[in-house]
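Notes follow once the structure below has been shown.
Each value in this text was obtained by applying a stated rule to the coordinates, not by laboratory testing. Computed from a predicted structure; not experimentally measured. No Cβ is skipped: glycine too gets one built from the backbone with ideal geometry, and neighbour counts run over all protein chains shown.
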Amino acid sequence: MKVFIQIPCLNESEFLPATLAELPRELPGASEVKWLVIDDGSSDNTTQVALDNGVDYVVRFSQNQGLASAFQAGIDACLKLGADIVVNTDADNQYDASAIPALITPIVEGVADVVVGDRDTSSVNEFSSLKRYLQSLGTSVVQRFSGTNVHDATSGFRAFSRDAALQINLVTKFTYTIESLIQVSDASLALTNVHVKRNDSVRPSRLFGSTWKYVRRNAWTMMRIYVQYRPMHLFLPVAFALVLLGGVAWLPWIVDSVGGRNTGHLQSIILGAVLVISGVQVLLFGIIADSIMSVRSLTTKTLHRVRDIELSVGVPPKIYRKR
């Protein structure tokens, strides 16, 4: 069984050596352990530092593509290089590499397809009370959206079986953490959580400049993903609410009409009509989005088969350099 540890990087030449120094070269149940770095258009010498510190393969973009694109490129390269398990970690040594054996064990034993490293963010002293609360709230929302029992939705410390990795096809560019969880649920893959230690931060996050910016971007990402993957769950309640409000707006006119009083209520009639028409339109948008989701599901299955065929015929990965 071949295990690949992949690290998406953007200008990480300063911190990457410390991260690589902690990575294992042997793991229980693994015949080989390989390291792969995805250089997401770095302007420093991240690629050369990676190769000088023992990285086996480097995938390099000529310009920055975004974390999700880097993650997807790494998954694709690992699979084409023969990975049976793909472990994803960060370049800033945020995650304690000693947890990697525990991370892959459920996959080796065949009890899980995806394993997420749970940092227990509620007890991280480095996080403010507000950030701990937002992390907990965000995870609860993602659990509801994705239908998974993930304990740390924003953790990038994850392990994927070969079959799970084959079914990851990301659309968003900002971050892969949320969309991949929904795809795990849609593919009926088994997910489990493993407690992992978190090392102290050595630099501010490059993914977002502030907590509120992260909240805004993640909220938009979740809304976009929800529309794409769970459209009727969003559009149907909104349509029902608009039609209900339209009915409430018509009540004065209905009551007077039943009582034989012709007092007009033109404003109520117009408002109710606008609300009901809006509700019907939202419902139609939901039906269209649901039809698109069905096409997306078929496309995902087709991509899964195409990638499986590519692996079986030995299509080579787009590797920038290898050691």
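Brief remarks on what is shown
- Highest mean packing first, where packing is the average number of other Cβ atoms within 10 Å per residue, the peptides 284-293, 242-251 line up as 242-251, 284-293.
- By average C-beta atoms within 10 angstrom, highest first, the peptides 299-311, 183-195, 6-18: 6-18, 183-195, 299-311
- Among 158-168, 109-119, the order from most to least packed when residues are scored by Cβ within 10 Å on average: 158-168, 109-119
- Tail fraction, Cα-Cα pairs, region 215-323, threshold 21 Å, whole percent: 63 percent
- For the chain, the longest principal axis of the Cα atoms and the long axis of helix 177-186 meet at an angle of about 70 degrees.
- Think of the chain as having a plus end and a minus end, set by charges on the Cβ of Lys, Arg, Asp and Glu; of Val87, Ile269, Val280, Ile269 sits farthest toward the positive end of this dipole.
- 0 to 90° range, to nearest 10: angle between helix 67-80 axis and the chain longest Cα axis: 50 degrees
- Helix 266-313 axis, angle to the chain major axis (alpha carbon atoms, nearest 10°): 20 degrees
- Computed over the chain, the convex hull of the alpha-carbon atoms projects to a mean area of 20.0 nm².
- Nearest-0.05 FRET efficiency for Ser43 and Met232, computed from C-beta distance (R0 41 Å): 0.40
- Magnitude of the charge dipole for the chain, about its Cα centre and with charges confined to Cβ atoms of Lys, Arg (+1) and Asp, Glu (-1), is about 740 debye.
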